[in-house]
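Rule-based calculations on the coordinates, nothing more; no lab input. No experiment lies behind these values; they were computed from the predicted model shown. Cβ sites come from the backbone with ideal geometry, for glycine too, and all protein chains shown count toward neighbours.
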Amino acid sequence: MASEHPRANLPPLTLHVPEPRFRPGDAADFVAVEVPPAGAAPRPDSAAEPRGMSELAYSLVRVLDDDNRAVGPWDPRLSPDALRRLLADMVRLRAFDERMFRAQRQGKTSFYMKATGEEAVAVAAAHALDRDDMCFPSYRQQGLLIARGYPLVDMMNQIYSNTADKLGGKQLPIMYSAKDFGFFSISGNLTTQYPQAVGWAMASAAKGDTRIAAVWCGEGSTAEGDFHSACTFASVYRAPVVMNIVNNQWAISSFSGFAGAEATTFAARAIGYGIAGLRVDGNDALAVYAATQWAAERARTNCGPTLIEHFTYRAEGHSTSDDPTQYRSAGEPTAWPLGDPIARLKAHLIQIGEWDEDRHAAQDKAIAEDVRAAQKAAEKNGILGHGLHQPLDSLFDGVFEEMPWHLREQRQMMLDEEAASGRPWARK
Ligand SMILES: Cc1ncc(C[n+]2csc(CCOP(=O)(O)OP(=O)(O)O)c2C)c(N)n1
Ligand SMILES: [Mg+2]
């Protein structure tokens, strides 16, 4: 009976409700964030048993030190040319994001999402993976497409849902799909890509193929059940997959504590599943490259999956629909202790005498010009702000090989209603 509770001799039960350390108006500092020195984390053999490497799930793999040198066992020892290509792709991604963000503000499209501050996560991974490995991204890994040389104009055509949009206007802007570039269709439903990636990796192994899968989700998304069932399958079958968690501290307006960050690290999720777990400085392109290369080698040699937490910071809003000044301290992005991934790689190249400010400025200019030219070309095919660019009846295409009778009927009803309205609803 309810009246018997609470019992007087016991303390009332309570819940812990996480609260971010800083809110708008607070001065932010990250003194509570532990940043171990670069080069300190050991690098086990890529075939090592997960049990012996649990410490790596709690530390931070870092290569670039405070003097911008590459140090320690995780230094991937890339050639100056490879380093410059990595830098150029990150700069291209940032320039692309800037331009498309502005295009949304100008009413040319309905939606955009930037990866500002997180450029190393997708770009360095694309450089470390094989070109035909299959990627299952979230909406913040457009860097994979850019690094794999997908035409910027095709990305923009999709963002504008215009006549040249390869997806026929059927996906929300930025939800690309490019099978030829090993880029699985982005889904707005968080974390669906995790079990899909593990399933794809299992199929690759079942067929005796040599391609592996790589998958990304945000730290907030690890709270989804899909994340955990994917980990179980990956562990049980030792699926050849690299599983990435992009811990950028925020899930729209919810801070990482709501996904469990106060209790432990996200990389530590791996330990309970018996999976190799790595926690990596996500703003250090060389650390991301090295960790991805290690995990890819592990997967490719049938030693099983790896879970990599990329410790980073979402420097801007969640999307064009978001306003972070409403929920977090404006000082956070600059107080973030791991710096900016582009500035750090640039400083490293300068430090080793393979780059300078003039070359960097010239590259910025050339890349900005490429992006501007791509935008101009894309806008010739139309912008979303000018309405539907696809023939109305194409709405029903592309799902079934042969359209079922009820969809044919619905399509006809739609066309009849359009005719009755006396005006075209879309381009003919
Ligand atoms: C299943 C599901 N739940 C909720 C949402 C709404 N939603 C879209 S993005 C997002 C935040 C995700 O944060 P995180 O996983 O940390 O990724 P980030 O945006 O930081 O890259 C939420 C809650 C959704 N799209 N799908
Ligand atoms: Mg997040």
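Computed values, structure above
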| read-out | value |
| --- | --- |
| Lysines whose Cα lies under 25 Å from that of Lys207, excluding same-chain neighbours fewer than 8 positions away | Lys179 |
| Long-range amide H partners of Ala214 with built H, under 5 Å | Met134, Cys135, Phe136, Val242 |
| ³J(HN,Hα), Karplus 6.51/-1.76/1.60, whole Hz, each residue of the stretch 167-180, x for Gly, Pro | 9, x, x, 8, 10, 4, x, 6, 8, 5, 8, 8, 4, 5 |
| Label-point gap, in nm, between Ser421 and Ser54 - each point 7 angstrom along Cα→Cβ | 6.1 nm |
| Helix-derived mean residue ellipticity, 222 nm - over the chain, DSSP H n ≥ 4, -39500 (n - 2.57), to 500 | -11500 deg cm²/dmol |
| Fraction of beta bridges assigned by DSSP in the chain that are antiparallel (%, nearest 5) | 15 percent |
| Distance from the stretch 159-205 to the stretch 302-369 (C-alpha centre basis), Å | 24 Å |
| GluC sites (Glu not before Pro) restricted to DSSP loop in the stretch 1-57 with at most 15 other C-beta within 10 Å | Glu34 |
| Cross-link partners of Lys346 among lysines (Cα-Cα below 25 Å; sequence separation of 8 or more within a chain) | Lys114, Lys365 |
| Fewest-first ranking of Asp97, Asp130, using other Cβ atoms within 10 Å as the exposure measure | Asp130, Asp97 |
| Amide H contacts of Ile308 (H built 1.01 Å from N, under 5 Å, at least 5 apart or other chain) | Met243, Asn244, Ile245, Leu278 |
| Under the Karplus curve 6.51 cos²θ - 1.76 cosθ + 1.60, θ = phi - 60°, whole-Hz ³J(HN,Hα) for the stretch 146-154, x wherever Gly or Pro sits | 4, 5, 8, x, 5, x, 4, 5, 5 |
| Positive minus negative residues near Val371 (Lys, Arg vs Asp, Glu; Cβ under 15 Å) | 0 |
| Trypsin sites (Lys or Arg not before Pro) restricted to the stretch 100-166 and DSSP loop, no more than 14 other C-beta within 10 Å | Arg131, Lys166 |
